[in-house]
Amino acid sequence: MPLTLLAAKLSLPPLRPKTVLRPHLIEQLNAGLPAGLTLISAPAGFGKTTLVRAWAAACKRPVAWLSLDEGDADLAGFLSYLVAALQTLDGHIGTGALGLLRAAQPQPPTESILTALLNDVTAFHNNFLVVLDDFHLIRAKPIDDALTYLVEHLPPQMHLVIATREDPHLPLARLRARGRLTELRAADLRFTPAEAADFLNQVMGLNLSPDDIAALEARTEGWIAGLQLAALSLHGRTDPARFIQAFTGSHRFVLDYLVDEVLERQPEPVRRFLLQTAILDQLSAPLCGAVAERDDGQAMLEVLERGNVFVAPLDDHRHWYRYHHLFAEVLQARVMAELPDLIPSLHRRASLWYAQNGLPAEAIRHALAAADFDLAAAQLELAWPHTDDRFHHTTWLAGVRALPAELVRARPVLSVWYAHALLATGDLEGAQARLAEAERWLESGDPVQKPAATQAATLVIVDERQLQTLPATIAIGRAYCAQALGDGPSTVQCARQALDLLPADDQVRRGQATALLGLAYWANGNLEAADRIFSDYTRQLRSAGNLPDAISTAFVVADIRMALGRLREAAGTLEQMLQNVVAQGGSVPPETADLYRGLGDLYREWGDLDAAARSLLSAQELGEHTGLFDWPHRLYVAQARLHQSQGDLEGALQLLDQAEGLFVRTPLPDVHPLAARRTRIWIAQGRLTEALAWARERGLSVDDTPNYLREFEHVTLARLLIAQHTSEPGAGSIREAIGLLERLLSAAEAGRRLGSVIKILVVLALAHEAAGSRPAALGTLERALMLAEPEGYVRIFVDEGPPMERLLHAAAARGTAPDYVQRLLAAFHPAAPAPTRPYAAQSTSAEPLSEREREVLHHIAEGLTNREIADRLYLSLYTVKAHARSIYAKLEANNRTQAVAKARELGILPRV
Amino acid sequence: MPASHSHSADPDRPAVYQIRVKGHLDGLWQAWFEGLRITSEENGNTLLTGPVSDQAALHGLLRKVRDIGLPLLSVVRVEPE
């Protein structure tokens, strides 16, 4: 959206030079400030906006203003405007919430978005007003719910003002009873006789007698819009008394009577202009010119503004205006009565103007209002590649869904975009259906199947380049679906097809196709090829300045390198990308959470469980409000592994249950199926019956041919057989387990997957040990140790528990890798927990600091500024400030120096 | 009791409604009010009368009454003759 139009929604309406001062109402509003919520609820024309605007100028608080219109009825849209309004106060507020809104579908819970937003508000120092004007225009259940949540969690510094024609769906009775609501209603807003006199004679410059004023006041019942229209009708009349007599003697609806009077006094071109532009929510000279097909739009608007009734400027530059809603309604009714056939073409012209001026959402809205579905479809088609923050996928999807289905089907480019939009929501089946339709259209040699020639021509002109590359775009969608469904050969076939079809300069889509190819290689166990592809792709994305996607591919590279047994390279990849995030400055992309998640997993493997826990916590803090929709699953799995390493098997199982509910099908290969992870914990717990049921259900057999995607399951099966044999010798087929592991080992060696090789060797050593052949066990373990030592593996051995500990002691006796083995043996028995710190012991009343608060405190003690700490910890400045305040509160300190001194006293920080 | 549920009383079936508002409304509002018949009453009120397809449509009409600041006096469902 061009800045001007957005700015118009967010800027306070210009103050009128002359208005009726209403000190008693301003006083009431001021008195209501402690309540938190002010509701100004009255029908159209009662001066709600003018009053709130006057109060905003008088109350000496910063004001975030949002003028709503019907197009904002979608929750995501509403929330992004709300954030944009708050950002007029401070650009940092709501960056996290915006990240969530920008995220892929499905949207995260509204509460998390609002919590992220309110957290930022809590860190804001000044008290301020948030005005939602014309709230009745966006009545929708999700928005009502969001508003209720907002009102119930309103931070003390934020005062909410809602101006509306009908009461919002808030628990008003409860709020009233608790004194948390101030209301002004129609009865409060009507002009009193004194105000009417002031308005007519002072503001409107009439010179009416007290009787005339009383008559007008009575006829309009203090309705401000009525008085204003009456004043306009009276302007320049020589005999006001006669007009007033006729008016007061009539039964006609005040608005009908007066608008007729006013319209009659306009020159015909002005009258026509008014009717033609009545369908517009916002008016600018070029837009009005296009819709009314005339070139004096600006002059017209200025005439109207000087006339002071029908239009109100939306910004100080006089670029955008709008009709007062009440007049717009009256005008629209007149257009419908006088020029009904003209309305669709007015909407169509508006739609075209908006499209040409880069406002796809408005263009599509007017095209749909014109019921010109072809136009709407064409604009949706063109808009898709440019969907961004302000024009959401949800809005786009809603637009497509408003079209007749057969029309979408007849437009292959649109069908394919539709498919891609559905892929982002995880709806693979819906996406495949749309792709199939597009393919049928393209393949159909039968012209009857195609839409009428003229429409087809429009279509090709609309997005000819996209049509040319459509088979490639379809192939990418197909490859995505195939890969998400685990069909590697089809992924490779479709991705190759896309690459053959795409021109060499289409970097973006070539990158997408290549990445899908890389994922297929990964799933197929060809990790080196996958590593090369993703390393290149990451570099390409980074040099193109696409940091979020570069981060996403970097963690894929790290995951692949971990499977390749190159832990240090994996860590290097993640750390380097973190440095890139810091170097670019600005806000931290939510994808960064995955970097911490990956590092956490690496620290865990290296045996530093504390560092792992800290890293996963950072991942959680960064990621929990981002709505990266496939991310929570990965985080929970990483946490489960950490709990497992910490010996908390039940906790690990619970985390896996949580992770299971959050699994989303994406093209990332599922090389560690969650059910197999769970089975490994069962085996460790001795729950072999359940483990056996899993193996049966998965149809696993020791005779299966090794296959990378099933490697994790096969190793799990071997573990199960070992456990069976150990608990009841002769029950499990330990020989077959050894045979299976040896075949898996050969496959992993052939694929040069060092990570797999080490893991399989570890289990094979345990199998030999269980089978009673200690020399074979030690020989195998020795191989594992040789390979694992350079990369610093720890948990891969230690997580195996006592049987591995015994074997390592035997290896130590033989003098195998003595330093490394000693280090591993030490890790079986971590040092007793550090002695209780005096702080925890003595502070019965004080709340202990959280992990993060300690970290912040350490940096405060180092003398870092909040900004520096924020950069260091990848947090927003507001979060750091919030942590600091919480630290002060917990330590009962008033500033940094006191907090540090107190912390040293309590032993939280080392004493100096 | 679904069996005795009067077919014509089903709120989601088309029915004739009469919406009474204060003031005499011009006939030109007819298209705006989805074709409802506009009749002036002697006491200065106006009746908007006509078939309304369901509850959602009825609420849509009431919103239009609200949007032009027309004081709403009553809404009555008239049994079809």
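The values are calculated or read from the model by the stated rules, or taken from the named source; none is laboratory data. Because the structure is a prediction, the values reported are computed rather than measured. Neighbour counts run over all protein chains shown; Cβ positions are idealised from the backbone, glycine included. What goes into the accessible areas is simple: the full protein's heavy atoms, side chains included, and nothing from ligands, DNA or RNA. Shrake-Rupley method; radii C 1.70, N 1.55, O 1.52, S 1.80 Å.
Element breakdown for the protein assembly as shown at a 1.4 angstrom probe: carbon and sulfur atoms account for 53% of the accessible area.
List the residues of segment A:726-761 whose backbone N lies under 18 Å from a point placed 7 Å from the Cα of residue A:685 along the Cα-to-Cβ direction. Of the residues in segment A:726-761, none has backbone N under 18 Å from the label point off residue A:685.
log₁₀ I(q)/I(0) of the protein assembly as shown at q = 0.05, 0.10 Å⁻¹, via Debye over equal Cα point scatterers, no solvent, to two decimals? So the normalised log intensities work out to -0.43, -1.25. Take the accessible area of chain A alone and of chain B alone, subtract that of the pair, and you get about 1800 Å² summed over both chains, using a 1.4 Å probe. For residue A:691, neighbours were defined as the other residues whose beta-carbon sits under 13 Å from its Cβ, and their charges (Lys and Arg +1, Asp and Glu -1) total +4.
Approximating the spin labels as points 7 Å out from Cα along Cα→Cβ, the residue A:27-to-residue A:733 distance works out to 9.4 nm. As a rough guide to protection, the peptides A:428-441, A:411-424 ranked by mean Cβ packing within 10 Å, highest first, stand as A:411-424, A:428-441. Direction-averaged projected area, Cα convex hull, chain B: 5.9 nm², rounded to one decimal.
Here residue A:672 and residue B:75 are evaluated by their C-beta separation; at R0 = 60 Å the FRET efficiency comes out at 0.45. Computed from the C-beta positions of residue A:202 and residue A:122 and an R0 of 56 Å, the FRET efficiency is 0.80 to the nearest 0.05. Based on protein heavy atoms only, segment A:3-189 ends up with 37 Å² per residue of surface accessible to a 1.4 Å probe. Summary of the geometry: segment A:543-584 and segment B:24-81, compared by the centres of their Cα atoms, lie 65 Å apart.
Both radii are taken from the alpha-carbon atoms of segment A:294-379; with Rh as the Kirkwood radius, Rg/Rh is 1.00.
3J(HN,Hα) along segment A:141-151: 3, x, 6, 4, 4, 4, 5, 4, 4, 4, 5 Hz, from the Karplus curve 6.51 cos²θ - 1.76 cosθ + 1.60 with θ = phi - 60°, whole Hz, x for Gly and Pro. Rg over Rh for segment A:81-183 works out to 0.95, both radii taken from alpha-carbon positions and Rh defined as the Kirkwood radius.
Partner shielding of A:652-658 amounts to 0, given as the average count of beta-carbon atoms from other chains within 10 Å of each residue beta-carbon. Inter-chain neighbour count for A:328-335: the average number of beta-carbon atoms from partner chains within 10 Å of each residue's beta-carbon is 4. Counting only other chain Cβ atoms within 10 Å of each residue's Cβ, the peptide A:37-46 averages 2. Within the same chain, lysines fewer than 8 places from residue B:64 are excluded, and of the rest, those with a Cα less than 28 Å from its Cα are A:9, A:48, A:141, B:22. If you take the alpha carbon atoms of segment A:674-828 and fit the smallest convex hull around them, that volume is 105 Å³ per residue.
Between residue A:648 and residue A:576, the contour length at 0.36 nm per residue exceeds the Cα-Cα span by 22.7 nm. Of the residues A:689, A:538, the one with the largest accessible area comes first in the ranking A:689, A:538, computed with a 1.4 Å probe on protein heavy atoms. Once backbone amide H atoms are built at 1.01 Å from N, residue A:161 has A:38, A:130, A:131, A:132 as its partners under 5 Å, excluding neighbours fewer than 5 places away on the same chain. Close amide H contacts of residue B:17 (hydrogens built in the peptide plane, cut-off under 5 Å, sequence separation of 5 or more or a different chain): B:50, B:52, B:78. Annotation: amide H-H contacts under 5 Å for residue A:183 (H modelled 1.01 Å from N, sequence separation of 5 or more, or interchain): A:39. Which residues among segment A:639-653 fall inside the zone where the amide N is under 16 Å from a point 7 Å beyond the Cα of residue A:697, along Cα→Cβ? Answer for segment A:639-653: A:653. Listed by chain and number, the lysines placed with their C-alpha closer than 29 angstrom to that of residue A:890 are A:881, A:902; residues fewer than eight positions away on the same chain are left out.
Please work out the C-alpha center-to-center distance from segment A:499-533 to segment A:785-806 and express it in whole Å. Segment A:499-533 and segment A:785-806 have Cα centres separated by 35 Å. What the Cβ-Cβ distance of residue A:726 and residue A:610 gives, at R0 = 25 Å and to the nearest 0.05, is a FRET efficiency of 0.20. Post the alpha-carbon centroid distance, segment A:251-277 to segment A:707-777, in whole angstrom. Using only Cα atoms to place each centre, the spacing works out to 88 Å. Straightening the chain between residue A:442 and residue A:865 buys 146.2 nm, computed as 0.36 nm per residue apart minus the Cα-Cα spacing. The aspartates and glutamates whose alpha-carbon is closer than 15 Å to the alpha-carbon of residue A:759, local same-chain residues fewer than 8 away aside, are A:605, A:711, A:713, A:742, A:749, A:782, A:789, A:791, A:799, A:800. Projecting label points 7 angstrom from Cα along Cα→Cβ for residue A:305 and residue A:266 puts them 1.7 nm apart. When nucleic acids and ligands are ignored and a 1.4 Å probe is applied, residue A:481 ends up with an accessible area of around 0 Å².
In order along segment A:810-817, the Karplus-derived 3J(HN,Hα) couplings, from 6.51 cos²θ - 1.76 cosθ + 1.60 at θ = phi - 60°, round to 5, 5, 4, 4, 8, x, 6, 5 Hz, and Gly and Pro are given as x. Each semi-axis of the equivalent ellipsoid for segment A:194-348 is √(5λ) with λ an eigenvalue of the Cα gyration tensor; in descending order they amount to 30, 17, 13 Å.
Principal axis extents of the C-alpha atoms in segment A:3-189 (largest first, rounded to whole Å): 49, 40, 33. Rounded to whole numbers, the Karplus 3J(HN,Hα) couplings from phi for segment A:680-691 are 4, 5, 4, 4, 4, 8, x, 8, 6, 4, 5, 4 Hz, using 6.51 cos²θ - 1.76 cosθ + 1.60 with θ = phi - 60°, and x at Gly and Pro.
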